[in-house]
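Notes follow once the structure below has been shown.
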Amino acid sequence: MRLELRESPPIWLAGLAPVLAVAAALVLCAGLIVWTGESVLEAYALLVKGAVGSRFALAETLTRATPLILTGLAAAVAFRAKLWNIGGEGQLYMGALAATWLGTGALDLPAFLLIPLLLVAGALAGGSVLIVPALIKNKLRVDEVVTTLLLNFIILLFVNYLLEGPLKDPMSLGWPQAAPIVDEGILPKILAKSRLHLGFVIAIVAAIAIWLVMRFTVWGYEIKAVGLNARGSAFAGINVNGTIIRTALISGGLAGMAGVGEVIGLKGYLTLDLSPGFGYTGIAVAMLAQLHPIGVVVSAFFLAGIYVGADSMGRAVNIPTYLADVLVASSVLAVLVSVMLVRFRIRRG
């Protein structure tokens, strides 16, 4: 058997393949549910009900999807340029740290000025973190997978030090957390009696903006061109190093904004458990969306629904919530296989 490149994959096949891949992942994971002795249909029904079955459930899913949209966009933009950014988690915490530094009383500004300032500061902090691995990649050809991944641990340890020392809130009764964000820096809620905040709208706007940039601007064209063929792009006159740096700023900035949103929209203060791995899950979001900015929104909602629904399902029946991780991993792997089968056909010979 061999793989043969399709000259022009059918549009219907490209659209249907991810749907079938996710369905295949659900079928595969059904075996694990049967293993626990529970009903597959009941388990999946409880999962869907826990994710979108009520106003509260839908609000929780959208709240969980908000940082995933931004970290998914961060990964999608970077991967388009073949900049393998695995440091979304660290960039998220740097954005949260910048918002904490400026939003706990350092600036006396009204909300309409302070909130945009915190978002910009968080984006710049996240982007600056990714600049270093990008420069090292350009100048020394050091693999950015290693540098961005290891930076996550350095940043988390640095945040831990600050929360146990200089930034520790004296009113926290010994808990390692920073002082709360001032009221003028808190994002308003967009749904009464829920945790859903304005950060969700900001994430949607960011996804549309990234799609417009990638689809209709010279910057977007250069990012995609460098990702497809860096040498050919340089020969054509594109500044490859400049494009990588620009991509790093955008990618890290989006992850940094995710951290800002969690601090000023959800928790109100910085803690070490601010993120349960949004930076890493964002990679799965981007891969599931095939690096398409609008697809990232759908993918983030799907994965958020799995995690929120799995929590509800685990409380109702005897199924571990770890099923959500297995389902997410299976979905990503299935989608990657489906992408390969869209681009190539299997031939005997």
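Details
- Surface accessible to a 1.4 Å probe, per residue, for the residues of segment 168-320, Å²: 46
- Most fluctuating residue given options Leu191, Leu228, Leu140, as computed from a GNM of the chain linking Cα atoms under 10 Å: Leu140
- Mean Kyte hydropathy of 0.0 or more with a Cα span along the axis of at least 20 Å, helices from DSSP in the chain: 11-35, 55-80, 88-103, 111-140, 144-164, 199-216, 240-261, 293-316, 323-343
- With a simple spin-label model that places each label point 7 Å from the Cα along the Cα-to-Cβ direction, the separation between Phe158 and Leu117 comes to 2.3 nm.
- Restricting segment 272-349 to trypsin sites (Lys or Arg not before Pro) that sit in a DSSP loop and have at most 13 other Cβ atoms within 10 Å of their own Cβ leaves Arg348.
- Per residue value of the accessible surface for segment 1-158 (all protein chains in place, 1.4 Å probe), Å²: 50
- The apolar share of the surface of the chain, taken as the fraction of accessible area on carbon and sulfur atoms (1.4 Å probe, ligands and nucleic acids excluded), comes to 70 percent.
- Listed residues Arg80, Arg215, Arg195, most fluctuating in the chain (Gaussian network, C-alpha, under 10 Å): Arg215
- The relative contact order of the chain comes to 38 percent, based on Cα pairs under 8 Å that sit 6 or more residues apart.
- Alpha-carbon gyration tensor eigenvalues x 5, square-rooted, for segment 285-349, Å: 29, 16, 6
- In this structure, the pairs whose alpha-carbon distance is over 27 Å, taken from Lys139/Lys168; Lys189/Lys224; Lys49/Lys189; Lys137/Lys168; Lys139/Lys224, are Lys139/Lys168; Lys189/Lys224; Lys137/Lys168.
- In range of the label at Val40: residues from segment 298-318 whose backbone nitrogen is under 18 Å from the point 7 Å along Cα→Cβ: 318
- The overall shape of segment 151-251 is oblate: from the C-alpha gyration tensor, with semi-axes ordered a ≥ b ≥ c, the ratio a/c is 1.5 or greater and a/b is no larger than b/c.
- Here the calculated FRET efficiency for Arg343 and Thr217, from their Cβ-Cβ distance with R0 = 35 Å, stands at 0.85, rounded to the nearest 0.05.
- Distance from the Cα centroid of segment 122-185 to that of segment 271-298 is 18 Å (rounded to whole angstrom).
- Most positive-pole-ward Cα, Leu124, Ser233, Leu114, against dipole of segment 65-302 from beta carbon charges: Ser233
- Euclidean distance of C-alpha centroids, segment 75-101 and segment 226-244, integer Å: 22
- Across all C-alpha atoms in segment 210-349, the radius of gyration and Dmax reach 19.0, 62 Å.
- Ala179 long-range amide H proximity, modeled H, under 5 Å: Asp169
- Model label sites at Arg6 and Asn239, defined 7 Å from Cα along the beta-carbon direction, differ in position by 3.9 nm.
- Kirkwood hydrodynamic radius of segment 29-70, Cα pairs, Å: 11.5
- Highest-fluctuation residue, Ile181, Ile136, Ile202 considered, GNM on the chain with Cα pairs under 10 Å: Ile136
- Note on Leu16 and Val48: the extension gain reaches 9.4 nm, defined as 0.36 nm multiplied by sequence separation minus the Cα-Cα distance.
The values are calculated or read from the model by the stated rules, or taken from the named source; none is laboratory data. All values reported here derive from a predicted model rather than from experimental measurement. Positions of Cβ are generated from backbone atoms using ideal geometry, with glycine treated the same way; all protein chains shown enter the neighbour counts. Note: areas computed on protein heavy atoms with side chains; ligands, DNA, RNA excluded. Shrake-Rupley method; radii C 1.70, N 1.55, O 1.52, S 1.80 Å.
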